[in-house]
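Working notes, structure below.
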Amino acid sequence: MALESLDFLGIENPYNQDGAASAQLPLLAVRADYKWDTGLLSLGSSMAQLRWDGGGTGPSDTALQIDAVIGGRQFLGTDNYITWNVSYGEGSGENIMAFTGNDANAVLNSNGKLDTFIAKSAVAGFWHKWDDKWSTNFTYAYGWLDTPDSRGPTELKEGGVGHLNLIWRPVTQFSSGVEYMWGKRRAQNDAIGSARRIQFMAKYEFK
């Protein structure tokens, strides 16, 4: 159990009403793990307050953010494992990595009230060790927001992102690799966009 800062308030203000999103209370998070020789199962949940402060000239309102996550990892022999997780929440879209920074928790509607929306996500991944120096990761994640009509037409409604990489670790402290990323998003008005990227990395770990 932990108390954390609510860094991403994620409140959209499509009607440009006076005020700002502000944190009044910390986020409460809980997690429980169950382990066995070849795997791990994790359960988690969090609860927080979303708050719009009108500052005397605009509307003020609060809403509850809550979500739950279940996920796990399962080794398949010594050279492979799969990972997965699913989440479901309300007012918690910013907790999904693909939606962070997209005002994905709530909308301040024309009446000055916060409309939260359902947020869902699913993630699947696979890791393979080719030999003592080379390994590969593949991950794909997708998220959905059950958005209200008050959300802006170009704001994010759903989207997914995939990662495929090849990692080289010649010694314990040093690793390098290349990764291909691709993603697709759908806006509130059903417009669709996509992007692709290749990135490289090198890392030295001081121990």
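Observations
- Residues of segment 161-172 that are of a type outside the set (Val, Ile, Thr), over 17 Å from Ala141 (Cα atoms) and open to solvent by 70 Å² or more (accessible area, probe 1.4 Å): Trp168, Arg169.
- Residue, nearest to Pro14 (Cα to Cα), within segment 140-188, restricted to residues that are out of contact with any Gly (no Cβ under 7 Å at 6 or more places or on another chain) and charged (D, E, K, R): Arg151
- Where a residue in segment 169-192 is under 30 Å from Lys207 (Cβ atoms) and at pLDDT 95 or above and its partner, wherever it lies, is of a type in the set (Gly, Ala, Ser) and open to solvent by 50 Å² or more (accessible area, probe 1.4 Å), with Cβ under 6 Å and at least six apart: Ser176/Ala202
- Some residue of segment 71-84 being at pLDDT 95 or above, surrounded by fewer than 18 Cβ atoms within 10 Å (Cβ to Cβ) and part of a loop (DSSP other than H, G, I, E, B): yes
- Members of segment 126-141 found to be surrounded by fewer than 18 Cβ atoms within 10 Å (Cβ to Cβ), in a strand (DSSP E or B) and without any contact (Cβ under 8 Å) to a residue 40 or more places away in the chain, listed by number: Trp134, Thr136, Asn137, Phe138, Tyr140
- Exclusive hit being open to solvent by 40 Å² or more (accessible area, probe 1.4 Å) and not in a strand (DSSP E or B), set Lys203, Lys184, Lys207, Lys157: Lys207
- Each residue in segment 1-59 was checked for being more than 21 Å from the chain's Cα centre (by Cα), among the small types (Gly, Ala, Ser) and surrounded by fewer than 16 Cβ atoms within 10 Å (Cβ to Cβ), and 5 of them qualify.
The values are calculated or read from the model by the stated rules, or taken from the named source; none is laboratory data. This one's a predicted model, so the numbers in the text were calculated from it and none came from an experiment. Note: ideal-geometry Cβ built from the backbone for every residue, glycine included; neighbour counts use all protein chains shown. What goes into the accessible areas is simple: the full protein's heavy atoms, side chains included, and nothing from ligands, DNA or RNA. Shrake-Rupley method; radii C 1.70, N 1.55, O 1.52, S 1.80 Å.
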